[in-house]
Amino acid sequence: MTTHFTRRNFLTTTTAAAAAGLMSVPNIFGDETQRRFSIGICDWDLRLSGNPKAFALAKELGYDGVEVSYQPEGEWSLSQSKNRPLFLEEAAKQNVKISSLAMGLLNARPLSFTPEAAEWVADCIETLAEMKIKTVLLAFFGNDKIKGNAEARNAVIEKLKVLAPKAEKNGVVLGFESWLNAKEHLAVLEAVGSPALKVYYDEQNMLTMNYPIYEDLETLLKEKAVCRIHVKENSFRLGDGLVDFKRIRDILVKYGYKDWVVAESGVKGDWKESLAANAEFLKQTFTL
């Protein structure tokens, strides 16, 4: 069994205001300034998908940023230009960043065979550029049928060949998250052939598939193929399950990763108390 750190192994430390990438935090043991990764949370975990109220709750629970759901329709849809300033203004008011956008709707309406899905992604790319957000998560779970389905995977690759240059032109990144292993992810990236397409790595999803999560993460980082990290535990709070998050942190540091670490799930018992505990654990664990 792997020995790993839990939140019980750490002392509570004071943290600073949010900033993109690595941020400075006061060092309670001396005058030197520590650095830590910025910690985000998915808005669906806050039960406020695609809602600007997520920023206030994220602040209350101790997070630096929110991964905001992009939805092509609805009251707060970011496809409507009028709504984009509302999210930016609320984020600034709460001093909480927008770490990224996420297109979780692709789980139900896959890019591979949903006619309008490519148009949604194209619009999201424009939204990212206008809002000055770097990354969007493209989800390939649920009905995506990419894992083990060459026809669907090839259809996705052909659509990404059209979308990735648009993302590249706008200076944004498409984060590809799926059930594929490291080798399969790299094959998709190579087939598309654009630096604007990278892997959004979720260690729990890979663990569910019985992949060697630490080795695969190193493989992808060596190839500079990772744009963002999800940290997650199924049925446990972060740090109480099977994942060695300190080891994850050390691998990120080893390969010079300086982007966000975004929490997803990790709930046991009261959901708000769980998410607050997760924020504290991640701030302590991902401090250098």
Completion exercise
For region 184-211, pairs from a residue that is closer than 14 Å to Lys232 by Cα and touching a residue at least 12 places away in the same chain (Cβ under 8 Å) to a residue that is of a type in the set (S, T, N, Q) and buried (at least 20 other Cβ atoms within 10 Å of the Cβ), with Cβ under 8 Å and 6 or more apart or across chains, are Tyr200/Thr135; Gln204/Ser265
Fill in the blank from the handout: Among (1) touching a helix residue (DSSP H, G or I) at 6+ places or on another chain (Cβ under 9 Å); (2) surrounded by 21 or more Cβ atoms within 10 Å (Cβ to Cβ); (3) outside any loop (DSSP other than H, G, I, E, B), Cys124 falls short only on (1)
Exercise for the section: Report, by residue number, each residue of region 257-288 that is of a type outside the set (S, T, N, Q) and in a helix (DSSP H, G or I). Expected result: Trp271, Lys272, Glu273, Leu275, Ala276, Ala277, Ala279, Glu280, Phe281, Leu282, Lys283
Exercise for the section: Of the numbered conditions (1) more than 24 Å from Asp259 (Cα to Cα); (2) in contact (Cβ under 8 Å) with a residue 40 or more places away in the chain; (3) among the small types (Gly, Ala, Ser), Gly175 fails exactly one; give the number of that condition. Expected result: (1)
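Mind checking whether some residue in region 194-216 is in contact with a Cys (Cβ under 8 Å, 6 or more places away or on another chain) and of a type outside the set (Ser, Thr, Tyr)?
To start, the set of residues in region 194-216 that are in contact with a Cys (Cβ under 8 Å, 6 or more places away or on another chain) comprises 198-200.
Next, only the ones that are of a type outside the set (Ser, Thr, Tyr) stay: 198-199.
Yes, region 194-216 has at least one match.
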Practice task
State whether the residues of region 213-231 include one that is more than 15 Å from the chain's Cα centre (by Cα), surrounded by fewer than 20 Cβ atoms within 10 Å (Cβ to Cβ) and either at positive phi or modelled with pLDDT under 95 (or both).
Solution key: yes
Problem - Of all residues making up region 218-246, the number that are of a type in the set (Phe, Trp, Tyr) and part of a helix (DSSP H, G or I) - result: 1
Practice task
Determine, yes or no, whether Asn181 is within 30 Å of Phe286 (Cα to Cα), in contact with a helix residue (DSSP H, G or I) (Cβ under 9 Å, 6 or more places away or on another chain) and of a type in the set (S, T, N, Q).
Solution key: yes
Practice task
Test Leu57 against the criterion of being in a loop (DSSP other than H, G, I, E, B), at pLDDT 95 or above and out of contact with any Cys (no Cβ under 8 Å at 6 or more places or on another chain), and give yes or no.
Solution key: no
Problem - Candidate set: region 115-160, residues that are modelled with pLDDT of 95 or more and of a type in the set (S, T, N, Q); chosen: the one farthest from Ala191 (Cα to Cα) - result: Thr127
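Scan Ala118, Ala91, Ala139 and give me the residue that is out of contact with any strand residue (DSSP E or B) (no Cβ under 8 Å at 6 or more places or on another chain), surrounded by 15 or more Cβ atoms within 10 Å (Cβ to Cβ) and either assigned to a helix (DSSP H, G or I) or without any contact (Cβ under 8 Å) to a residue 60 or more places away in the chain (or both).
It is Ala118.
The values are calculated or read from the model by the stated rules, or taken from the named source; none is laboratory data. The model shown is predicted, which means the values in this text are computed figures rather than measured ones. Neighbour counts are summed over all protein chains in view; Cβ atoms, including those assigned to glycine, are modelled from backbone coordinates with ideal geometry.
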